[in-house]
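The values are calculated or read from the model by the stated rules, or taken from the named source; none is laboratory data. Everything numeric here is computed off the predicted structure, so don't read it as measured data. We place every Cβ from the backbone using ideal geometry, glycine too, and count neighbours over all the protein chains shown. Protein only, heavy atoms only, side chains kept; ligands, DNA and RNA dropped before computing areas. Shrake-Rupley method; radii C 1.70, N 1.55, O 1.52, S 1.80 Å.
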Amino acid sequence: MSSRALRKLHGIQDDLPTVNPEECSSADEEIEVTPARNKSRTSANPFLALGEDNDDLMDQDEVENEKSRISEEEEEEKPAKVEERTGAKKKRRKKKKKSKDTAVISEQANHEDDIDASIREVNELLGELPKTDINNVSIDSLVTMDTKALLGVEHRQLNPDNEMRRIFGSQIVRSDTRRRGHGSRQHRSTWLVTPKSTWPPIGKTGLTMKHLSTKSGHEYFSFEHSKDYQQVQFKFLDAVESLNPNNIVSILNMHPYHIDSLIQLSEVCKMSEDLQMAAELTERALFSFECSFHVLFNLTQSNCRLEYRRQENRAFFLALFKHLVFVGQRGCYRTALEYCKLLLSLEPDNDPLCVILMIDFYALRSQQYQFLIRLYNEWENHRNLSQLPNFAFSVALAYFHMKRDDDDDHLATANSMIQNALLMFPSMLLPLLDKCSVQPDKKVTNHQFFGRAQHNQPVGLQQLVGLYIGRSSSVWKEPEVITWLISNVTEVLQRVDNEDPLVSQYSKKRQLRYQGTPTNILRHILVSEIQDASAALPPELTGSPVMTYDPYP
């Protein structure tokens with residue numbers, strides 16, 4: 001090493017010991033060139049600052065140039081390394097994705113196998129549904145589909161609290177619900193009624209539902225009583241014969257969800273004018289029924305059937321009927337309409353409680369005019385609804401309300417239907433106007449067509465007219481409706497004076513029909529408790545005892 005380099009080294013670090021040039025020259029070949037370290041590390045080997053040149057020491061500029069060259073080489077190598085790493089990661093990701101996709105496909109296959117197995121089990125139980133081509137569906141089958149949808153139930157509309165919120169506001173109903181639910185006991189969620197906190201836990205009641213068969217796309221079910229439930233039923237019959245309500249109360253203390261005891265005690269409370277307790281007992285009976293539903297029994301699809309002729313099923317019809325009457329008395333007409341559709345869908349052909357005589361009233365009160373018109377149009381051909389006084393007048397009124405949308409066709413239809421209804425049922429006019437506190441013109445009261453109509457009508461027709469007036473007179477009290485009715489009465493009198501052929505034709509129909517009252521209408525009159533209709537019942541029926549838990553079996 002030259003003396004110049006040694007002097008320069010001694011000038012930078014004066015505290016280093018003196019180095020013998022001869023000793024250093026023998027070790028120059030073993031020294032490696034490395035970048036300068038941090039100055040704070042002064043204890044490191046001082047010869048690391050020396051270059052490869054044995055004759056001279058590198059300048060500071062040369063060192064910086066060497067650093068920049070090395071960094072440039074490293075920067076050039078980085079992209080290649082990054083690309084290699086990225087390619088390896090992508091390969092690993094593809095492998096993981098393939099493995100995940102394979103696992104998902106296998107899980108989906110297993111899930112589909114489970115679904116297919118469940119479908120096979122249901123098909124074995126109920127039978128496979130026929131495969132139909134929508135392009136080859138006949139008009140008659142489409143009408144059947146519409147009829148099913150017509151009686152379909154919206155489960156949200158079954159809760160009267162929802163309608164009360166729309167009427168009075170959510171704040172009032174919410175506060176009332178909080179007061180009733182303070183310290184409440186948890187019950188299962190149901191659609192028909194809302195369980196109250198004061199009700200006892202239900203447990204096993206001995207009431208079950210069985211699936212019987214499948215016919216023409218309809219599922220037939222029936223309630224069944226266990227042996228223990230039958231023993232309680234015998235005790236209930238003895239309590240009814242004793243004519244002591246305390247015996248029924250003692251049965252409910254031991255069996256709080258016995259259906260017939262709840263229905264019978266509800267009637268006792270109604271007679272004592274405790275309507276709140278009567279309604280609550282009916283709700284508890286419905287809660288017991290719903291807790292025993294079959295898993296395939298659906299309230300909303302209108303394809304589940306219960307036969308009234310089976311003794312175990314009758315209480316469910318009666319409980320639904322009484323509950324919808326209580327709901328209607330609270331002003332929840334939309335909810336009552338949904339219960340009418342539910343009750344009618346259980347056995348629409350026989351209609352054991354004759355719901356068809358009341359569904360029009362709740363449709364008008366809830367302003368469901370299109371539903372009422374659709375029901376009339378679809379069922380007129382096979383049910384002859386125009387021969388029922390309630391449909392003859394209510395459908396005409398529904399068309400009249402529809403004309404408020406400035407539709408002349410609806411008004412013309414309403415005028416035509418109300419005139420035909422007055423020609424077919426002339427005995428309806430004067431009692432209806434009297435119920436509405438309307439004094440008709442003397443020309444109307446003195447006319448033979450309307451004046452003598454009440455004296456010449458059959459007993460069956462008198463019951464139907466009294467039933468409609470007692471229930472539906474409130475929908476005719478609007479001044480606009482009364483004006484429209486009176487104007488059509490004038491047109492009817494002109495047609496009668498002009499000897500319209502329909503007058504004699506309808507007179508013959510009235511004399512031939514309505515000679516006897518079907519049993520389902522008698523049940524309806526008895527359960528409805530409308531005095532205008534009950535007064536027209538024959539003495540042999542009013543004088544005989546009738547069991548309210550099973551009227552006219």
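Brief remarks follow.
- Residue 408-residue 443 FRET efficiency (beta carbon distance; Förster radius 22 Å; 0.05 resolution): 0.20
- Zone of residue 505's modelled label, taken as backbone nitrogen in region 358-389 under 20 Å from a point 7 Å along Cα→Cβ: 377, 380-389
- Computed over region 349-461, Kirkwood Rh from alpha-carbon pairs, angstrom: 15.3 Å
- Evaluated over the Cα positions of region 405-553, the convex hull gives a direction-averaged projected area, one quarter of its surface, of 10.7 nm².
- To put it simply, the accessible area of region 425-468 at a 1.4 Å probe is 43 percent carbon and sulfur.
- Across region 301-312, coupling constants 3J(HN,Hα) worked out from phi with the 6.51/-1.76/1.60 Karplus curve, θ = phi - 60°, read 8, 6, 10, 9, 10, 10, 8, 5, 5, 7, 4, 5 Hz, and Gly and Pro carry x.
- The dipole here belongs to region 485-553: it is taken about the Cα centre, uses +1 on the Cβ of Lys and Arg and -1 on the Cβ of Asp and Glu, and is about 240 debye.
- Accessible area per residue for region 441-553, computed on protein heavy atoms with a 1.4 Å probe, is 54 Å².
- q = 0.09, 0.16, 0.20 Å⁻¹: log10 I(q)/I(0) that the Debye formula gives for region 285-408, counting C-alpha atoms only: -0.28, -0.83, -1.19
- Where labels lie 7 Å past Cα in the beta-carbon direction, separation of residue 155 and residue 512 in nm: 4.8 nm
- The orientation-averaged projection of the convex hull spanning the C-alpha atoms of region 226-339 amounts to 8.0 square nanometres.
- Added length on full extension, which subtracts the Cα-Cα distance from 0.36 nm per residue, residue 386 to residue 416: 9.5 nm
- Sequentially through region 505-518, phi angles give Karplus couplings (6.51, -1.76, 1.60; θ = phi - 60°) of 5, 5, 5, 5, 4, 5, 6, 7, 9, 6, 7, x, 9, x Hz, Gly and Pro residues having no value and appearing as x.
- Low-density loop positions, GluC sites (Glu not before Pro), region 193-275 - DSSP coil, at most 13 other Cβ in 10 Å: 273
- Approximating the spin labels as points 7 Å out from Cα along Cα→Cβ, the residue 377-to-residue 497 distance works out to 3.6 nm.
- Convex hull volume per residue for region 496-542, taking Cα atoms only, in Å³: 112 Å³
- For the set 270/403; 235/341; 322/403; 341/403, the pairs lying more than 30 angstrom apart at their alpha carbons are 270/403; 235/341; 322/403.
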